[in-house]
Amino acid sequence: MPAEKKPMRYGHPEGHTDVCFDDSGSYIVTSGSDGDVRIWESLEDDDPKSISVGEKVYSVALKNGKLVSAVSSNTVQIHTFPEGAPDGILTRFTTNANHVTFNDDGSRVAAGSSDFMVKVVEVNDSSQQKSFRGHEAPVLSVAFDPQDIFLSCVSCTRSALKLWKISDYVLRIVTSWPLLQKCNDVSSAKSICRLAWQPKTGKMLAVPVDKAVKLYERDSWDSVHSLTDSFITQPLNVVTWSPCGQYLAAGSIGGCIVVWNTETKECLERVKHEKGYTVCGLAWHPKGGQIAYTDSEGNLGLLEDVCDGTGKSSVPRVSIALTKDYDALFDGEDDELLSENLEEAQSPPRKAVLDDEDDDPMPTLSRPRHRSTILDDDRSLDLLVDVASPRPKGELDKEEDDDDDPGNSLQNDTAAVPQQPVYDGPVPTPQQKPFQSASTPVYLMHRFMVWNSVGIVRCYNDEQDNAIDIEFHDTAVHHAMHLTNTLNHTMADLSQEAVLLACVGTEELPSKLQCLHFSSWDTNKEWTVELPKEEDIEAVCLGQGWIAAATTALMVRIFTVGGVQKELFGLPGPVVAMAAHGEQLLIVFQRGTGFGGEQCLGTQLIELRKEKRQILSGEPLPLTRKSYLAWLGFSAEGTPCYVDSEGIVRMMNRAFGNTWTPVCNTREHCKGRSDHYWVVGIHENPQQLRCIPCKGSRFPPTLPRPAVAILPFKLPYCQTATEKGQMEEQFWRSMLFQNHLDYLAEGNYEFDESVKNRALKEQQELLMKMFALSCKLEREFRCIEISEFMMPNVINLAIKYASRSKRLMLAQRLSELALERAAELAEEEEEEDFRTKLNVGYSAPSTEWNLTRGRSHQAEDVEDNEVTEEAEDEMEAELHRSEGCNSPEKSTMNLKPVLGTAAITGSQGRANPFKVSSNRSSPSVGGQARCVNILDNMTKLTKKPTTTNNQAMNKHKSPVLKPLVPKPKSRQLLLCSFFSLKRSNDNNKKERQKKKMLGTLRSQTPQKIVEGEGTKNYKGPKTGFQLWLEENRSRILADKPDLEEADIIKDGMNRFRILPPEERMTWTEKAKGGAVAMVTCHAMVVKKRKHPEKENKDVQESRREQLDDDTTSAKKQKPSDTATNSKLSMFAFKNQK
């Protein structure tokens, strides 16, 4: 049966390593070239204890609680185990010691060094030591005889092996054998030749010689056997015996590990190193069944199910798998449950199981059935293996001979029991236990309780002290604190307001929640809450002004930071982790039972504002296959994030339906397979993943303080090595990491507007680059797809690029797209203007046109007479600019997609609308924001339009030539009309007359609004919606009689939107007809307000102007009339002739 090879993990840096077990087999001890001796509780131990003993460690040995190591300081040191306290120096050499070993009772230590010397030292009295000088080369290996009579040594000479007899501490040569090629340095030796004596009896001495292991018999010292195998291709390096003395394992410099049965000379196990590295250390578990080994790269590996300590064959893997499945489902004390399950899911299906006696209608008549075989679960598993696994013929004959033995009757009885196949489908995955995010495991004596952006909370729980240290990154928040952990707190969280601690309950004391509110102005800053009996806290978190605690009762309890109990609610399943940020609470819980190593987790996201709402309500949490949740939290900007055990970092995409997007894979940055990154924080601006590198472990040590590394984000897009893939990844990453700005704006939080502007600018630049790349690749359809993400002004640049690239079809389609986009924007702006006017009740206090008239009628009449045609044009332009940049929110919205920058200046004071600006290139009204366009920096076209079109464009201030004073309603349409067909002269004249009339109407009608009278006293032209609202106001009030005026308008707008387009168009046409009538009526009112004398003067002036016009027209028609008369006279003269 092949042994099970566990995945190797990092233990030490590259170089020579050594390994051994303690006396009980509870710990694995390794040493390496980093000068550390590490104590592992198991192969899955993520935080092994390290003992620094020197610069390099060449060999290590452990016996009776004494740890001996050969270090590079030419000394052999001794430490206590497992404490690791230094206990002195056993002996010294002039060069490095290469190997150390204990005798069987642990009273002596033998050490061989590179100065050709071997020493034997008494452990209790290091002064009692003997030295032997006789080797001709550096000593590679030493070994004690189990009977403590002989000492064998191997050196780098041809006569390598020397055997010495120990008698009264006097050493003398017995014999020697040539083994190795001579060399003068350990590093150049072909093999370190670690030999070993057979345990207990010392009957055999095993020595690795080239590709075989030679067995020398005691007393005669003859080579009686030579164990080899074709699987071995390179020289062997180290050998070790099983505790029973029946099996022998050897490791080669080619990475092969072979196990023989020394009695039958049969090769039982053949294991190949996954990377072919040299096997430096090999140790057998004291109770058998496992072999630990290390390689020249510093990795630690483990072979399981090799054999037991009694000399029998190894327990079949079927029973092991069954036992593990059973224990994994019901054992609650296994801290590495999840990692073990990944291998359990791959275990082979179970062959057969014993049937219950009640289900067997025909019991066996040959022998009585034994109930003990069914009631004893452990024994039944062993019997299952005996039944299901085939046996060699020799063993069956042996059982027949021992049939009279009562101990074997049980197995014979079981063989007669009928077999029945069992369910061999997917195995349920054990549920992940609750944990506190950004904390290290509870079983560690020195651990991090929390590490976040505020500070660090450490816990020390050893024999000397049980305390908690709190350190703040910014000492301005609070000074460091030291607390005595009398209640044995295991959970903690830290914010800028308080420190939160929690402990589980015991038989005597209930579970408690303790809060230290250090930001309180009150003198009593600490409070404690006890939970009901049989209810323990499993996870805690701190928000802004509140605390949440999840308990074993499947409930979440909310408290204020001052200790007031608030809401509590139930969870659909056991909690796994919780996190908080501001007013957001993120909870991950068990949705059900997973299968095949998969976790079944759900998530809830709740906003604890005044109007509380639930964003996520139990949606599944996506994880990497066969992984579990490792970290849960928020970014510094408030976006939910989490990390799984495979190192995949995911972030919520609020703009895409609150889905989870992978943004980083920390495993890509790890150098070794056993290396990990421990995440402590995520920042979106700048884009940084803050984490701690852990060499060969999942968790960092508390001392020395680990350094924080910064990893970049990278979305897993395809073909990121190409230019196209890189730009696509950068664009969508920028889109994802700016979503938090929209969330902050929605929640009325303060944020830097320039950050969003820079992100928009970067996105548009990337789009333009992708557009250019697609043009070069002749992917015009792809260009249209890319342009759909562009802003209107960038589309204009794309049109210009396509035109210069002589892609006329692409430019035409882009022009059509730009026209559609401009029409949509104009419609949105118009709806926004209606909404703004209705919300303010048509008072518009932020503009100078809607202020209450405080001047006399005489002053108004004087101004009306003094207004010239130039002043009227300037007034119209100022009016359009004031409407386009009326409110700061609207101006900011218009500026963002243009250049990515926003500039909102000082106050909104009253300004003279008739004042002509001295600098016409940059006019502004009342300190409002200047409407900037990206076309300002564009050069004029080389192709000049016709004279008539030039005049029309100059008169209306075309956005191509002078883009600073466009009309806001049709600004985007005018931008796009530059690339469309020119209109005729008649249409231009009609448009100019219509716009001038509407401009005059807009400039005059707001003055008729009486402040405070709302829509009822509004005398100006009404929109289609206003006409519809007047007619349907009674219907709205009948449905909702309690509505106020503003609510009536809002409800009416909602109803007006759902009307059919034809009906809305009808109301709009009615409003346009009313606007023309209002202009006529307004002219009559103005005429009545004038004095009679002025009226007579106006009549006279109008008559004079009419006469002048007639004269001018006559003069203009005179040339054509003369030509006509001459032609007619010539025609008459010809007729007379």
Assuming a ≥ b ≥ c are the square roots of the Cα gyration tensor eigenvalues, decide whether the stretch 87-144 counts as rounded (a/c under 1.5), prolate (otherwise, with a/b larger than b/c) or oblate.
-> prolate
Please express the shape of the stretch 519-558 as an equivalent ellipsoid: the semi-axes are the square roots of 5 times the eigenvalues of the C-alpha gyration tensor, given largest first in whole angstrom.
-> 23, 13, 6
Taking only the alpha-carbon atoms of the stretch 435-571, the convex hull volume per residue, in cubic angstrom, is 117 Å³
About the Cα centre of the stretch 688-734, how large is the charge dipole given +1 on each Lys and Arg Cβ and -1 on each Asp and Glu Cβ? Please answer in debye to the nearest 20.
-> 340 debye
Grab the Cα-Cα distance for Ala1038 and Trp521, subtract it from 0.36 nm times how many residues apart they are, and report the gain in nm with one decimal.
-> 180.8 nm
Would you mind getting me the FRET efficiency between Asn658 and Glu788? Use the beta-carbon distance for r and R0 = 25 Å, nearest 0.05.
-> 0.60
Tell me, what is the per residue accessible area of the stretch 435-571 in Å², probe radius 1.4 Å?
-> 48 Å²
How do 87-95, 299-307, 69-77, 564-572 rank on mean C-beta neighbours within 10 Å, highest first?
-> 299-307, 69-77, 87-95, 564-572
Cleavage-rule hits, trypsin sites (Lys or Arg not before Pro), the stretch 647-683, DSSP coil, Cβ neighbours within 10 Å at most 12 | Lys671
Rounded to two decimals, what ratio of Rg to Rh does the stretch 415-497 give with C-alpha atoms and a Kirkwood Rh?
-> 1.37
Simple spin-label model, 7 Å along Cα-to-Cβ: Met1065 to Ser187 in nm?
-> 9.0 nm
Highest mean first, what order results for 688-698, 465-475 on Cβ atoms within 10 Å?
-> 688-698, 465-475
For the stretch 752-829, size of Cβ-based charge dipole, Lys and Arg +1, Asp and Glu -1, in debye = 700 debye
Cα-derived Rg to Rh of the stretch 752-829, Kirkwood definition = 1.01
Percent accessible area from carbon and sulfur atoms, the stretch 435-571, protein chains only, probe 1.4 Å | 50 percent
Accessible area of the stretch 752-829 divided out per residue, in Å², using a probe of 1.4 angstrom = 55 Å²
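The values are calculated or read from the model by the stated rules, or taken from the named source; none is laboratory data. This one's a predicted model, so the numbers in the text were calculated from it and none came from an experiment. Using ideal geometry, Cβ is built from the backbone for each residue, glycine included, and neighbour counts are taken over all protein chains shown. Heads up: the accessible areas ignore ligands, DNA and RNA and are worked out on the full protein's heavy atoms, side chains in. Shrake-Rupley method; radii C 1.70, N 1.55, O 1.52, S 1.80 Å.
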